[in-house]
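Engineer: Shown below is the structure under consideration.
FYI, it's all coordinate maths here, none of it is from the lab. Remember, predicted model here, so these are calculated numbers, not experimental data. Every residue, glycine among them, receives a Cβ derived from its backbone with ideal geometry; neighbour counts consider all protein chains shown.
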Amino acid sequence: MVGEAATASEAVALCRSARPDVVFLDFALPDRAGADAITDIRAVSPRSAVVVLTLDDATETVLSAVRAGARGFILKRAPTVRLIEAIDRILGGQTYVDPEVASRVIEAVAIGANDSVMRTPPALTPRELDVLREVADGRSNKEIAFHLRLAGGTVKIHVERILRKLAAANRAEAVSRAFALGLLEPEAGTGDALATKQR
């Protein structure tokens, strides 16, 4: 723990001097909009990963935070273990979205996917689809390796190929594009379970 701030201005100043690895930021700040605060923090400390910690679970709030550059989003009512999990994943180069809002956010991103996104689904192998589904479920490479009984290095290679085939910069973007292309879709009768299909 390197510091604490009561306002966005204080947070930006602290990040400029301390250059923290992870910043937990309330989205409802007294002196600046949450999205603007994220932008300002990233400007003074690009390597700091911002995680939004808020009571607001509106889908648009999550999307606004992600568009501004947040690497994570957690609700204040979440158990402490979820904060620890978020830190671990983000320091491992991943993103983290609270499970309570993740499904809604992914579907919203898929529905509003930019028209410039590829229109023809890439040819993913059956194993790549298995790994993609695990990624969509929010599992880390280590968890995927355990669940699919694969070597950690093999999972890493699969993820890299998936990102390349989907022309995605990160795992979250890969999942949103997979939804938009129909490679992933909500399973009938549930709001959360994911099913995969190859066209």
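Engineer: Each residue of segment 126-131 in order: what ³J(HN,Hα) in whole Hz does its phi give by Karplus 6.51 cos²θ - 1.76 cosθ + 1.60, θ = phi - 60°, with x for Gly and Pro?
Structural biologist: Karplus-based 3J(HN,Hα) across segment 126-131 equals x, 5, 5, 5, 4, 5 Hz.
Engineer: Could you give the C-alpha radius of gyration of segment 8-111 expressed as a fraction of 2.2 N^0.38 Å, taking N as the number of residues it contains? Don't jump to the answer; show the numbers that get you there.
Structural biologist: Details: Rg = 12.9 Å, N = 104, 2.2 N^0.38 = 12.8 Å.
Taking N as the residue count of segment 8-111, the ratio is 1.00.
Engineer: What is the angle, in °, between the Cα long axis of helix 171-181 and the longest principal axis of the Cα atoms in the chain? Nearest 10 is fine, range 0 to 90.
Structural biologist: So the helix axis and the longest Cα principal axis differ by about 50 degrees.
Engineer: Next question, about the same structure. Using only Cα atoms, tell me the angle between helix 80-91 and the longest principal axis of the chain; keep it within 0 to 90° and round to the nearest 10.
Structural biologist: 80
Engineer: Shifting gears a bit: Find the percent of Cα-Cα distances in the chain that exceed 23 Å, and round it to a whole number.
Structural biologist: Details: 9103 of 19701 pairs.
Taking all Cα-Cα pairs of the chain, the fraction more than 23 Å apart is 46 percent.
Engineer: List the relative contact order of segment 8-111 as a percent without decimals, with contacts defined as Cα pairs under 8 Å and 6+ residues apart. Working shown, then result.
Structural biologist: Values: 138 pairs, mean separation 24.7, N = 104.
In percent, rounded to a whole number, it is 24.
Engineer: Another one. Could you work out how far helix 8-18 tilts from the main Cα principal axis of the chain, as a 0 to 90 degree angle to the nearest 10?
Structural biologist: For helix 8-18, the angle is close to 80 degrees.
Engineer: Of the chain, which part is the longest with no GluC sites (Glu not before Pro) in a loop (DSSP not H, G, I, E, B) and with at most 14 other C-beta atoms within 10 angstrom? Present the calculation step by step, with values, prior to reporting the outcome.
Structural biologist: Values: sites that count: E4, E187.
Free of exposed loop sites, the longest segment is 5-186.
Engineer: Could you run the Karplus curve 6.51 cos²θ - 1.76 cosθ + 1.60 with θ = phi - 60° over segment 52-64 and give me ³J(HN,Hα) per residue in whole Hz, x for Gly and Pro?
Structural biologist: Going residue by residue, I get 7, 10, 8, 8, 7, 9, 5, 4, 5, 5, 4, 4, 4 Hz, with x marking Gly and Pro.
Engineer: Restricting to DSSP H runs of at least four residues, report the calculated mean residue ellipticity at 222 nm for the chain, -39500 (n - 2.57) per run over all residues, nearest 500 deg cm²/dmol.
Structural biologist: -15500 deg cm²/dmol
Engineer: Using packing as a proxy for protection, rank 145-153, 68-76 so that the peptide with the highest average count of other Cβ atoms within 10 Å comes first.
Structural biologist: Details: 145-153: 13.3, 68-76: 20.8.
Put in order of decreasing packing, that is 68-76, 145-153.
Engineer: Related question: For the chain, with a Gaussian network of springs between Cα atoms less than 10 Å apart, report the residue from A43, A178, A65 with the top mean-square fluctuation.
Structural biologist: A43
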